[in-house]
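As structure tokens, the structure follows; a few thoughts come after it.
The values are calculated or read from the model by the stated rules, or taken from the named source; none is laboratory data. None of these values were measured; they are calculated from a predicted model. Don't worry about glycine lacking a Cβ; one is built from the backbone with ideal geometry, like all the others, and counts go over all protein chains shown. Heavy atoms of the whole protein, side chains included, go into the accessibility calculation; ligands, DNA and RNA do not. Shrake-Rupley method; radii C 1.70, N 1.55, O 1.52, S 1.80 Å.
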Amino acid sequence: MRHLTLSHWGVNEIERGDDGAPVLKPWSGDPDPSGIGTYDLADVDRLRIRRPVVRKGWLENGPVPGGGRGRGRETFVEIPWDHAQDLIAAEIGRVQREHGNSAIFGGSYGWSSAGRFHHAVGQLHRFLNTAGGYVASTDSYSLGAGRVIMPRVVAPIDTIVQAMTSWDVLERHTGLFVCFGGVPLKNTQISSGGAGRHRVRDALGRMNRSGVRFVNISPVRDDLETGGAFEWIPIRPNTDTALMLALAYVLDDEGLVDREAVARLAVGYDRFRPYLRGEDDGVPKTPAWAEAITGVPAGRIALLARDCARHRTMLNCAWALQRATGGEQPFWMTVTLAAMLGQIGLPGGGFGIGYGAMNAIGSARAHVTGPTLPQGTNPVDRSIPVARIADMLLKPGEAFRYDGRTQSYPDIRLVYWVGGNPFHHHQDLNRLRRAWARPETIVCHEQYWTPTARRADIVLPASTTLERDDIGYSTREGLLIAMRKAREPLAEARSDYEAFRGIAERMGLLQAYTEGRSEREWLVHLYETYRTRAAGRGVAVPGFERFWADGLVELPSQETGVVFLDAFRADPEGKPLATPSGRIEIVSERIESHGDGTCRGHPRWYEPLEWLGSPKAAAYPLHLVSDQPARRLHSQLDHSSWSRGGKVHGREPAILNPADADARGIEDGDPIRLFNDRGACLATARLSDGVAPGVVKLSTGAWYDPDETGLEKHGNPNVLTLDMGASALSQGCSAQTCLIEVERWRGDLPRVTAFDLPDIEERS
């Protein structure tokens, strides 16, 4: 019998080595498996957390104000599981009594597990809800601005992502595919619930062979790979909205707008048009105006607008574009431009938000919500946008605006983090490090000694997906996977469920948390609940025991493919959108009523806080693009041999245009220092004319490794990025709004220590 397991980067077959130990192999059913799953288990096990530990200063002094300054520097002391669970239960109880549950922050933002039961975020939130609630986070770093703006304009972002036109339809019907930010194949290695068959490389190749013409508008050429020729239009980062406005201007000025479709499907075009024409601000959004901002020649902009109107055109906007100040605007303007072209709801036309962001996007598989652990109801009615963690910790009680409401930051005394790594996801890590010292206690469950685990007070060792049974499922991937345990947990590692089970028992919450079920009984319950729901959608799956024996269930595809918003186009009155008007909102009365000047009632060009046209470029003349890495998911498994194989001299490569490197005396392979007024990091220079002049690309995910001066030694770009909300509307992440300078490093190179074990006093 074959055994399978599922990770965010794909399905693996589990074989046995000569010593009987499990060995991961690519699934034979995957035509384009990801290399991330090829790591050596013995190699990654070296950095496993083996026993519960407590930071020595916290163990000796307890949870005292200001005691967090030793996080990341002090020795850990090993303690038994019983003692660790006693400490955590007592600390939760203390914070509840003295400050209330609104002083507890349940973090755990991150892609911790592809399993549906052993999903760290769900386990933590279920436990904290059972224990009286917690302050939650909303939205995501990937889509903070998009999650807030898109329900106002067309539909919730999850609805869009799950229903985008499938690749087979694009192959048959699309004439022109215009990418703002590309379709990065490295991102399509993963899906949020686990990738199945990696389909995007083949899909782009088939589109290319069928005659689809591709245009990639991006600072980076290699954001698109079609297996053939495509046109690359380099653009200054953060200026895509200006280019889209100029495209819209040409459509309007030359009578190429489908006015009948706009009138049927959208509201507000006639109120948006005066801004486009410059009638209300004196600035017509012409191609010449856009050229001065974007660096794209005016003539090329005009030709592209005419081509879009002449062909069946799909406009794709990458998620990265909204991770910037004013990040709502490129998404909103993509929808507006598509509405003006009049092809929304037609096969192969309209718009997409994030083709290339994940493998599942563009699938024709049936959409049925998978097995889901119920988390209960949170009694605490307070939350923050996820990218505002440092603000929350540094500014308790301070007011902030979010989605049209004024809120205030809670006073957090206890942070409970399970899965995820904020010292990867967050921006301006030097600021986060200061903020991280403020809570009285930080508890963390982790598998490996990540930067976050090193900066916690109490750390519980978590088992990995290979060390527990689970159910793998990802919406639109089309697979259910029986994730059989391949080995026993290493040392004293336990599942998050077992860890919380013990804490809940000490707090008198055992029945409420477990509902009397073992882990196996939960798997059966979740699967059979899903099976009933799937049957209601016309999808038949076998019973649990048959599923567990077979190991895999294939779900059906839609034979005719998926066309996004086709039902709405056919009957806007009978199949309205969930927007206030029931139609696409080029003008949003609701957003206008908020009165937030950083995001007004229709898409606009807002000058970014930092960009190549700003005064700050005199001191920091290069724009940093911090994209997703090719050899890991975010920061997961950065210590694996596969991820380390992509580094140069142990550091992340930073890609520069040869002209920028030559002006600074930098050659390929040189160690370099990237810096601005927020911080500095070391990396290794790689030169490529596939990066636009004035741009540096440094992928995220290198484990944070600062020296005593704050210099990050490993190549983590988030010591440089801007920790500021995209706008008062969304408060989303603004990582892509970042100016820097680069210089050749001429001193001795400090050793990278990110993968060294911390100091631990072992118990006898």
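Of the residues making up the stretch 384-400, those that are touching a strand residue (DSSP E or B) at 6+ places or on another chain (Cβ under 9 Å) and crowded, with 18+ Cβ neighbours inside 10 Å number 10.
Considering only residues in the stretch 726-750 that are open to solvent by less than 10 Å² (accessible area, probe 1.4 Å) and not hydrophobic (A, V, I, L, M, F, W, C), the one that is farthest from MET392 (Cα to Cα) turns out to be THR737.
The residue list VAL200, VAL183 contains one member that is closer than 15 Å to THR226 by Cβ and in contact with a Ser or Thr (Cβ under 8 Å, 6 or more places away or on another chain), which is VAL200.
Taking residues in the stretch 220-243 that are at positive phi and buried (at least 19 other Cβ atoms within 10 Å of the Cβ), and partners anywhere that are polar (S, T, N, Q) and part of a loop (DSSP other than H, G, I, E, B), the pairs with Cβ atoms closer than 7 Å and at least 6 places apart or on different chains are ASN238/GLN736; ASN238/THR737. Within the stretch 430-453, can you find the residues that are more than 23 Å from the chain's Cα centre (by Cα), over 19 Å from ASP496 (Cβ atoms) and not small (Gly, Ala, Ser)? If the condition is that a residue be more than 23 Å from the chain's Cα centre (by Cα), over 19 Å from ASP496 (Cβ atoms) and not small (Gly, Ala, Ser), then ARG434, ARG438, PRO439, GLU440 are the ones that fit. Counting only helices (runs of 4 or more DSSP H) that sit wholly inside the stretch 28-108, those with at least 3 residues that are under 23 Å from GLY122 (Cβ atoms) and not β-branched (Val, Ile, Thr) are 81-99. Among the residues here, GLU573 qualifies as assigned to a loop (DSSP other than H, G, I, E, B), without any contact (Cβ under 8 Å) to a residue 24 or more places away in the chain and open to solvent by 20 Å² or more (accessible area, probe 1.4 Å).
From the list GLY205, GLY93, the one residue that fits, being free of Cβ contacts under 8 Å to residues at least 24 places away in the same chain and more than 19 Å from the chain's Cα centre (by Cα), is GLY205.
If a residue has to be open to solvent by 60 Å² or more (accessible area, probe 1.4 Å) and among the hydrophobic types (A, V, I, L, M, F, W, C) to count, how many in the stretch 576-594 make the cut? Summing the residues that are open to solvent by 60 Å² or more (accessible area, probe 1.4 Å) and among the hydrophobic types (A, V, I, L, M, F, W, C) in the stretch 576-594 gives 1. Does at least one position in the stretch 299-307 carry a residue that is at positive phi and either surrounded by 22 or more Cβ atoms within 10 Å (Cβ to Cβ) or not hydroxyl-bearing (Ser, Thr, Tyr) (or both)? No: the stretch 299-307 contains no residue that is at positive phi and either surrounded by 22 or more Cβ atoms within 10 Å (Cβ to Cβ) or not hydroxyl-bearing (Ser, Thr, Tyr) (or both). Restricting the stretch 451-485 to residues that are in a loop (DSSP other than H, G, I, E, B) and open to solvent by less than 10 Å² (accessible area, probe 1.4 Å) leaves a set whose member that is modelled with the lowest pLDDT is SER474.
Within the stretch 533-548, count every residue that is at pLDDT 95 or above and assigned to a helix (DSSP H, G or I). Number of matching residues: 5. Scanning the stretch 683-725 for residues being open to solvent by less than 10 Å² (accessible area, probe 1.4 Å), of a type in the set (A, V, I, L, M) and farther than 22 Å from LYS616 by Cα gives a total of 3.
Check whether at least one residue in the stretch 118-131 is in contact with a strand residue (DSSP E or B) (Cβ under 6 Å, 6 or more places away or on another chain) and modelled with pLDDT under 95, and report yes or no. Yes, there is a match, as at least one residue in the stretch 118-131 is in contact with a strand residue (DSSP E or B) (Cβ under 6 Å, 6 or more places away or on another chain) and modelled with pLDDT under 95. Of all residues in the stretch 309-357, exactly one satisfies the criterion of being open to solvent by 10 Å² or more (accessible area, probe 1.4 Å), among the polar types (S, T, N, Q) and under 17 Å from ASN238 (Cα atoms), namely THR325. Within the set GLY597, GLY516, GLY508, the sole residue that is more than 30 Å from ARG259 (Cβ to Cβ), part of a loop (DSSP other than H, G, I, E, B) and open to solvent by 60 Å² or more (accessible area, probe 1.4 Å) turns out to be GLY508.
The residues on offer are SER581, SER640, SER614, and the sole one that is small (Gly, Ala, Ser), within 21 Å of THR188 (Cα to Cα) and touching a residue at least 40 places away in the same chain (Cβ under 8 Å) is SER640.
Of all the listed residues (HIS594, HIS649, HIS634, HIS623), the sole one being touching a strand residue (DSSP E or B) at 6+ places or on another chain (Cβ under 6 Å) and either farther than 28 Å from MET244 by Cα or modelled with pLDDT under 95 (or both) is HIS649.
Candidates are the residues of the stretch 173-219 that are β-branched (Val, Ile, Thr) and outside any helix (DSSP H, G or I); the one that is surrounded by the fewest Cβ atoms within 10 Å (Cβ to Cβ) is VAL215.
Scanning the stretch 247-263 turns up no residue that is under 20 Å from ASP32 (Cα atoms), among the acidic types (Asp, Glu) and open to solvent by 10 Å² or more (accessible area, probe 1.4 Å).
Just one of the listed residues (GLY679, GLY669, GLY645, GLY650) is over 21 Å from the mean Cα position of the chain (by Cα) and within 17 Å of LEU739 (Cα to Cα), and it is GLY679. Return yes or no: is ALA617 small (Gly, Ala, Ser) and in contact with a strand residue (DSSP E or B) (Cβ under 9 Å, 6 or more places away or on another chain)? Yes; evaluated as a whole, the condition is true for this residue. Checked against (1) open to solvent by 20 Å² or more (accessible area, probe 1.4 Å); (2) under 30 Å from LEU479 (Cβ atoms); (3) at pLDDT 90 or above; (4) touching a Phe, Trp or Tyr at 6+ places or on another chain (Cβ under 8 Å), PRO31 passes all but condition (4). Does any residue of the stretch 419-442 turn out to be buried (at least 24 other Cβ atoms within 10 Å of the Cβ), part of a strand (DSSP E or B) and not polar (S, T, N, Q)? The answer is yes; a qualifying residue exists. The set of residues in the stretch 208-242 that are under 26 Å from the mean Cα position of the chain (by Cα) and among the hydrophobic types (A, V, I, L, M, F, W, C) comprises PHE214, VAL215, ILE217, VAL220, LEU224, TRP232, ILE233, ILE235, ALA242.
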